[in-house]
Structures are given as structure tokens and as C-alpha cells.
Amino acid sequence: MNKNELVSAVADAANISKGDAQSAVEAVFSVISGELKKGGDVRLVGFGNFTVSKRAASTGRNPQTGAAVNIPARTVPKFSAGKGLKDAVN
């Protein structure tokens, strides 16, 4: 499912126009991204948690040449599924 299909599904499920559903979906993504950018987390009980994790700097290898490559430290988003989502999938 891509973003347009998600918007259509939300519009059908909530019985709202596709324009309103598009605004709602984009607002949800924007709020989650904004909170993660600030270093916070988003907890949706029964669905899952969006968190930010710090990844330490490391040294990798170029697979073609075997040369060492420095990989800088970075902050990455993570999602862990909640019990309700896990149960719905299984």
C-alpha cells in the first residue's frame, strides 16, 4: 500500500472526502516526524512506539575494494510494534 492508497482507505473508512483524508494523513506523519526530530517519542497504545535511537560511529568495509570506511554517528528513527498490531497480523 502506498500513500495514495492509504489516503483512499482512510477516506472510505472514516466516510470523509479524499482531500480531508489527505490532510489528516499528512498531519499525522508531520506530527510524528516533528516529535522524533525533537528527540521525543510517540506511543500509540495497541499499535506501537516510534522512538529515536543513537547509532555510534563505526568502521565498515567497502565490499569492492576491502578498504576501511568510517561510518559517522547518527540518530535513527525506530518503530516497535505493539501487542495489538502483532495480534492483528498473526
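List of remarks:
- Residue check: Phe50 meets all listed conditions (1) among the aromatic types (Phe, Trp, Tyr); (2) touching a Leu at 6+ places or on another chain (Cβ under 7 Å); (3) in a helix (DSSP H, G or I) but one, namely (3).
- The residues on offer are Ser17, Ser33, Ser58, Ser53, and the sole one that is more than 21 Å from Ala88 (Cα to Cα) and surrounded by 12 or more Cβ atoms within 10 Å (Cβ to Cβ) is Ser33.
- Among the criteria (1) in contact with a Lys or Arg (Cβ under 8 Å, 6 or more places away or on another chain); (2) surrounded by 13 or more Cβ atoms within 10 Å (Cβ to Cβ), the one Ala9 does not fulfil is (1).
- Some residue of region 27-36 being more than 20 Å from Leu6 (Cα to Cα) and touching a residue at least 24 places away in the same chain (Cβ under 8 Å): yes
- Residues in region 44-90 that are more than 22 Å from the chain's Cα centre (by Cα) and of a type in the set (A, V, I, L, M, F, W, C): Ala57, Ala67, Ala68, Val69, Ile71.
We did not get these values from a lab; they are worked out from the coordinates using the rules stated. Since we're looking at a predicted model, the values are computed, not measured. Positions of Cβ are generated from backbone atoms using ideal geometry, with glycine treated the same way; all protein chains shown enter the neighbour counts.
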